[in-house]
Amino acid sequence: MPSDYFPLFIMLVVSVGFAAIGIGVSALLGPRRPTAIKGQTYESGMTAIGTARRRVWIRYYLVAVIFILFDIEIIFFYPWAVVFRMAAEFLFLEMALFVAILLVGYVYVWRKGGFDWY
Amino acid sequence: MLTVNHFTILSAVLFSIGALTVLIRRNPLIIFMGIELMLNAVNLAFVAFSHFLDDMSGQVFVFIVLTVAAAEVAVGLALVVAIFRARENVDVDEIDMLKG
Amino acid sequence: MDYGAFVEGLVFYLFAALAVLAALGVVIARSPVRSALALALVFLALAAMYILLNAPFLAVAQIMIYAGAVLILFLFVIMVLNPRLDIIGARGRGQTFVAIVFTIALGVLLIATLASGQIAPTTGKFTPEFVASIGHVQVIGTLLFSEFLLPFEIASVLLLIAIVGAMTLARRERVPHAESKRDLR
Amino acid sequence: MPLMLWLIPALPLLGAIINLLVGRRLPRALSSWLAVAFMAAAFGVAVSAVANLVALPPEERVLRETLYEWIGVGVGANSFSVNVAFWLDPLSAVMILVVTGVGTLIHMYAVGYMEHEKDYARFFFAMNLFAFAMLMLVLADNYLLMFLGWEGVGVCSYLLIGFWYDRDNLAVGTDEKFLSPRSSATKAFVVNRIGDFGFTLGIILMFWTFGSLSFAEVFPKAEEMFQIGAPVITVMTLLLFLGATGKSAQIPLFIWLPDAMAGPTPVSALIHAATMVTAGVYMVARSHVLYSLAPTTLTVVAIIGVLTAFIAATIALVQNDLKRVLAYSTVSQLGYMFFALGVGAFGAGIFHLMTHAFFKALLFLGAGAVMHAMNDMIDMRRLGGLRKVMPITFWTFLIGAFALSGFPLFSGFFSKDEILTAGFTSGNIVLWVVGVLTALLTAFYTVRAVILTFGGKPRWKEGEVVHAQDEHAAHGHGERGLHPHEASPVMTIPLMVLALGALFAGYVGLPSVLGANLFGQFLEPVFREPAVEISPTLEWTLIGISTAAALIGIFIALRFYLGDRETPQRLTRYYPWLYRLWSNKYWVDQIYDYVIARPGRWLANAFWTDVDGKIINGAADGLGRAFRNVGQALRSLQDGYARGYALAMLIGIVVVIAIVIMRP
Amino acid sequence: MNILGIYIDRPIVDFVILIIKCVVWIFALLTTFAYIQLVERWVIAKIQVRIGPNRTGPRGLFQPLADALKALFKEELIPTNADKLVFVIAPMISVATALLAFAVIPVSPPLNLFGLEIPMQIANVNVALLYLLAVGSVSVYGTVLAGWSSNNKYSLLGSLRAAAQLISYEVTLGLALVGVLMLTSTLNLNEIVDYQKNFGWIILPQVLGFILYIIAAIAETNRLPFDLPEAETELVAGYYTEYSSIKFAFFFMAEYINIITVCAIAATLFLGGYLSPLPFLPIVGEPGIWWFALKVFILIFVFMWIRGTFPRLRYDQLMNFTWKVMLPLALLNVLITAGIIIFFQPGAAQAFAR
């Protein structure tokens, strides 16, 4: 029933409100005297070189891709798990096939070094 | 009382905005986001009809669409990355090799 | 006064407004990161819609997959590539203008079509009471693993193809110094 | 117990898949024994399924199992659907037992035979795949699914005949040149395709006529809609029979089978003797309802069968290659089966199919053991005296040979006798006479082969280096010269089991004067043949005649090849034209070459240069030029910007929606 | 269609109770956070043979209060080139998601107060477990955006590392819980606790799942030995290098509340939640919440202990570990659980009664 979720909505409002009030109060209470030096980013005390808006390593993207696909696997696993007892053997075979196919991809990624972080 | 039209009209509005995003932005990533927006708008319509018709097929379908969208994004963004690495550029208007 | 309907309407309009504004944010935000953030808000609002539509499982799946995975991937790509901030508009202003006009036309036509239509009387057996008695996730699970078994299994093939495709596309070159780097450890 | 018919083909398929995917990575023994294990498992399931079948009362002995709808078009009266469904009745029960049982033994034998091959995984993949296709063929409950198996066995046969695709030919130790494995494979495939073409047409005609392809619908409809002799049914059955002549190597399409011997011997045993070639026989028997409605076709079948039996037997008389003798004898025995079908004795044909599967597989495997021992040398002129060296092979081969020649009380005797009896009682005396003559020839060439191979003194020398195929010899043991030896147990055990089959398989179908024809009774619910009542005197006479034919043939062979060694040569000198006729296989290959292949090639060339080059190419070029010009004109619209296209699409969508809405 | 259901009867009362509950929950969490953090300093000090905070108040008991006040009154710094909006939103996302996650956890059986039965959790929802995962996946935004918006190279690297780590371990975390669901056939935490009332703690058939969950949870909360994202020696402080004042405190707060939450989830799913470990003992008063608190604190202590004991992993070891070890083990756990269910049918009666 949607009404079950109404408290979560209230909690969302209250938590975001709490965070906003915290930021607001701090902004009111704290001093604010910005200078150019303070506005620099911290690079171990040295003057910052260039901007951080540069490209980073492609591997982070690969991790996210692999994650997406396994996230989908999880989201398939959950409804499967809650109905598992209804027809355990049959459902087991269905999921075994699903996982077996995904494992091919997993092994592929492994063999291609997708999990190696050097 | 909410009716199915509330949700479908919201869906139509979101769909149009998604289409607009695809048409007027030059960054392929944002174009992609527009596509996701359109997909989501359609999903909303599916779920709304599913709910108001008391038929779950629409919801299962949306679930499958989630999967397809995830796979699509994975490959699509891989293409963007590949193009970017080849051309050092992600402006779709400068990728015009489709030219006849 | 019917509090239930009132709160329901309130929640709907609140999140509908959030969704539309956030969607507009996707279009007009200059920075792709902000576009992504706005899109995340759209996804959250749609999750709320799904809850209103008595589909809580889809709501959490929506957040997990779209907000939690797809958009994170977008953010990663944005950071991996760090494209320059781009401007709205095509090469010519003409195209932008035409696009806006026709998108509005599309929206108006869609709304006109939808508003004029009448929904068919309900025929399904999945009434809210029925779904509540079994549990939404359980219903989805039962359907997915019986009636929609084939799409489910095909989904795995799709995911497999996506994994392989993404790996191949994005990781064209094998780092030639991998071995030597390994030695340095 | 739930019916598990689908497991029977599925198990070999699984084995094939495993061997295809990971076979090369597996240890050799695991890969090959895995294939055997899957076949044995299929045999086990088949036995239990048949046990279920037998438990039913005779009239209800049909088990059906539908896996899923394969093709479904339309709804209601005009709908057409084909299911992946299985159909087990006594007829298919016999077939699956033969295919899985004999198949398991041959697989096991192949483990030993293919021990030194490098591509064992590919071999066992194709063998298992073949078993899958064959089981689909015999278990199918409709013609389309049967056609799937039909084509499947064709493909596997192609793969296996051409297994040694990198060799030239197999005639080791002589100058005789045979077709290379790859050419043989292509020949088999092409010849089969001709038959399949007829089969396809037959199926199409059947669908057109009945609107269905499932046995359960076609047969009752046929009996309901048509009188005996209806032209549609005659054409349909003739077309189907054309398919059968291709698959089962009958005149005019028998020429591929002898060349198929280029494949490894277990393949010859499994595919080209025991199972695949019987597919045509099975198909005709399966369609007996249709054939019974077409007496003309039945006559054609009987004549073709007897002619094939006779001609193949005469060719077999003069072959020097042991495997080729067996190959022609297979053609000849298949001819017998068709003879039986043609005179309406479907049960007798299937009975001979079963006994033949045992003894012919046995003979081929024995020949294989000889090749194995002799470094692939198979020319009988250079064999001899192997009796002492390979006792097990010799005795089992001898049993098989007696069964083939119809020696009394061996399995082949009973089945052949039943066919001849049926031929006689059907009134086709001429055909019957030719059949008896063929039986005599069969006995002759069989015993000749036994004597030349195993009897007398060795015509080879211990340690002699024969000219063996290059790389095969390197993998085998050819470099060390000839050291014949008995085969290993993994090969001899199948031989012995098959020998038991060749000895005793005939006793399930005794002639009525000796006992009960259990086999015929088992098949009776399928064929519903009226039992022909004949007097015991006549029956004893017929038995006596076929016994005499076999004994005379054996006697002549003994005279020729054990006693006076001069007689064969003298005969050859006296009747050189006959010898040439036979040893050149009636010049059928050459006739085909001149009548079909060369004109075909000429026609193809003509099409290629003139029709295709000038007319079609010219038209295509012109069209291309036209399109190019139009395209150049349209090109300016395509600016290559993806979003431009997207916008165009959007405009189109808006216009379409607007039109749809505005329409009243 | 009426979405408010029960609220129709006594809408105002329930609404007020709800608001009060939300506020009470938040302050309870904040207090717990403050003192756990203090306790952790003591514990780590003991492990490392140091003294720990002892100046502010008796035995340093007022230290958290002092920290909070300091955070409120400090000047906030925003780097000049930062994306200011995102920079401010990021810590809000972190803290709000941390607070939201706790809302579905039942901390005790319903409480009777002034004649009203008050459920001791904010929302009793049917998809609670997935909800927790969903909130967890949203909290990644806080990390990624903080690092990106700072426009600092260390922060960016730290946030990317953190995000990669979080999403990688989220896979194992999610898979480790599948076994629990297979046993209980529900995603509702109250029903999972009820299941354990009848059939004993789930940790017994799910030892592997529990261990995997705890490891993944440590990584999810960026604790040692998985605290690569904020590795001081390499990345200064990771994604929140540029943060100060209350925004820094928010990240800190979110981290500790997340620790409480993951421990509370572990207690609920594996250790019987608010159930007494010895059900035959006479129950005095309303001890559910104390049992729950005890279990959570024991788990948190284990976290501190691990932090004090293990050295930090290398980043490649960390990623290898989850993808190549944890993920197969989690699948193995599912397999084992399937086997247990198929062959022993534990708790079958209850599952089919539902």
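Numerical summary
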{"item": "Test: residue in segment C:101-109 that is within 28 Å of A:Phe92 (Cβ to Cβ) and either modelled with pLDDT of 80 or more or more than 10 Å from chain E (Cβ to nearest Cβ) (or both)", "result": "no"}
{"item": "Qualifying helices (runs of 4 or more DSSP H) (wholly inside segment E:130-207; at least 2 residues being within 7 Å of another protein chain (Cβ to nearest Cβ))", "result": "E:153-176, E:178-184"}
{"item": "Residue among E:Val138, E:Val207 that alone is within 27 Å of E:Phe226 (Cβ to Cβ), in contact with a Gly (Cβ under 9 Å, 6 or more places away or on another chain) and open to solvent by 10 Å² or more (accessible area, probe 1.4 Å)", "result": "E:Val138"}
{"item": "Residue match in segment D:38-46 (condition: under 16 Å from D:Pro90 (Cβ atoms) and open to solvent by less than 40 Å² (accessible area, probe 1.4 Å))", "result": "yes"}
{"item": "Among the candidates E:Arg312, E:Arg307, residue that is at pLDDT below 80, open to solvent by less than 100 Å² (accessible area, probe 1.4 Å) and under 15 Å from E:Asn222 (Cα atoms)", "result": "E:Arg312"}
{"item": "Sole residue being at the interface with another protein chain (Cβ under 10 Å from one of its Cβ atoms) and either over 30 Å from E:Leu100 (Cβ atoms) or at pLDDT 90 or above (or both), chosen from E:Ala267, E:Ala338", "result": "E:Ala338"}
{"item": "Test: residue in segment B:42-49 that is over 17 Å from the mean Cα position of the chain (by Cα), buried (at least 23 other Cβ atoms within 10 Å of the Cβ) and either in a loop (DSSP other than H, G, I, E, B) or at negative phi (or both)", "result": "yes"}
{"item": "Segment A:67-78, residues that are more than 7 Å from chain C (Cβ to nearest Cβ) and of a type in the set (A, V, I, L, M)", "result": "A:Ile74"}
{"item": "All positions within segment C:23-57 that are open to solvent by less than 10 Å² (accessible area, probe 1.4 Å), more than 8 Å from chain E (Cβ to nearest Cβ) and over 11 Å from the mean Cα position of the chain (by Cα)", "result": "C:Ala23, C:Val26, C:Val27, C:Pro32, C:Ser35, C:Ala36, C:Met49, C:Tyr50, C:Leu53, C:Ala55"}
{"item": "Selection within segment A:100-112 - more than 7 Å from chain C (Cβ to nearest Cβ) and surrounded by fewer than 18 Cβ atoms within 10 Å (Cβ to Cβ)", "result": "A:Ala100, A:Leu103, A:Val107, A:Trp110, A:Arg111"}
{"item": "Residues satisfying the stated conditions in segment B:19-31, i.e. in a helix (DSSP H, G or I) and within 7 Å of another protein chain (Cβ to nearest Cβ)", "result": "B:Ala19, B:Leu20, B:Thr21, B:Val22, B:Leu23, B:Ile24, B:Leu29, B:Ile30"}
{"item": "Among (1) open to solvent by less than 30 Å² (accessible area, probe 1.4 Å); (2) without any contact (Cβ under 8 Å) to a residue 24 or more places away in the chain - the single one E:Leu38 does not satisfy", "result": "(2)"}
{"item": "Residues (within 21 Å of A:Ala96 (Cα to Cα) and crowded, with 19+ Cβ neighbours inside 10 Å) located in segment E:315-328", "result": "E:Trp323, E:Met326, E:Leu327"}
{"item": "Count of residues meeting criterion [part of a helix (DSSP H, G or I) and open to solvent by 10 Å² or more (accessible area, probe 1.4 Å)] in segment E:219-229", "result": "1"}
{"item": "Residue match in segment E:178-187 (condition: at pLDDT 90 or above, open to solvent by less than 10 Å² (accessible area, probe 1.4 Å) and under 14 Å from the mean Cα position of the chain (by Cα))", "result": "no"}
{"item": "Leading residue by the ranking (least open to solvent (accessible area, probe 1.4 Å)) among those in segment D:58-79 that are modelled with pLDDT under 75 and among the polar types (S, T, N, Q)", "result": "D:Ser79"}
{"item": "Among the residues listed as D:Ile392, D:Ile399, the single one being buried (at least 24 other Cβ atoms within 10 Å of the Cβ), among the β-branched types (Val, Ile, Thr) and either modelled with pLDDT under 85 or assigned to a helix (DSSP H, G or I) (or both)", "result": "D:Ile399"}
{"item": "Single unsatisfied condition, D:Thr234 versus (1) buried (at least 24 other Cβ atoms within 10 Å of the Cβ); (2) assigned to a helix (DSSP H, G or I); (3) of a type in the set (S, T, N, Q)", "result": "(1)"}
{"item": "Any hit, segment D:319-334, residues being crowded, with 24+ Cβ neighbours inside 10 Å and more than 17 Å from the chain's Cα centre (by Cα)", "result": "yes"}
{"item": "Among the candidates C:Val20, C:Val7, residue that is away from chain E (no Cβ under 12 Å) and either in a helix (DSSP H, G or I) or in contact with a Ser or Thr (Cβ under 7 Å, 6 or more places away or on another chain) (or both)", "result": "C:Val20"}
{"item": "Odd one out for D:Ala249, checked against (1) over 28 Å from D:Glu224 (Cα atoms); (2) in a helix (DSSP H, G or I)", "result": "(2)"}
{"item": "Only one of A:Ile72, A:Ile49 that is touching a strand residue (DSSP E or B) at 6+ places or on another chain (Cβ under 8 Å) and either at pLDDT below 75 or assigned to a helix (DSSP H, G or I) (or both)", "result": "A:Ile49"}
{"item": "Those residues of segment A:79-94 which are surrounded by 24 or more Cβ atoms within 10 Å (Cβ to Cβ) and more than 7 Å from chain C (Cβ to nearest Cβ), in sequence order", "result": "A:Ala81, A:Phe84"}
{"item": "Flag for B:Leu66 being at the interface with chain C (Cβ under 7 Å from one of its Cβ atoms) and touching a residue at least 60 places away in the same chain (Cβ under 8 Å)", "result": "no"}
{"item": "Residue within segment E:108-119 that is at the interface with another protein chain (Cβ under 9 Å from one of its Cβ atoms) and open to solvent by less than 10 Å² (accessible area, probe 1.4 Å) present", "result": "no"}
{"item": "The one condition in (1) part of a helix (DSSP H, G or I); (2) within 18 Å of D:Ala348 (Cβ to Cβ) that D:Pro511 fails to fulfil", "result": "(1)"}
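The values are calculated or read from the model by the stated rules, or taken from the named source; none is laboratory data. Remember, it's a predicted structure, so these values are computed and weren't measured experimentally. So basically every Cβ, Gly included, is an ideal-geometry build from the backbone, and we count neighbours across all protein chains shown. In case anyone asks, the SASA skips ligands and DNA or RNA and just uses the protein heavy atoms, side chains included. Shrake-Rupley method; radii C 1.70, N 1.55, O 1.52, S 1.80 Å.
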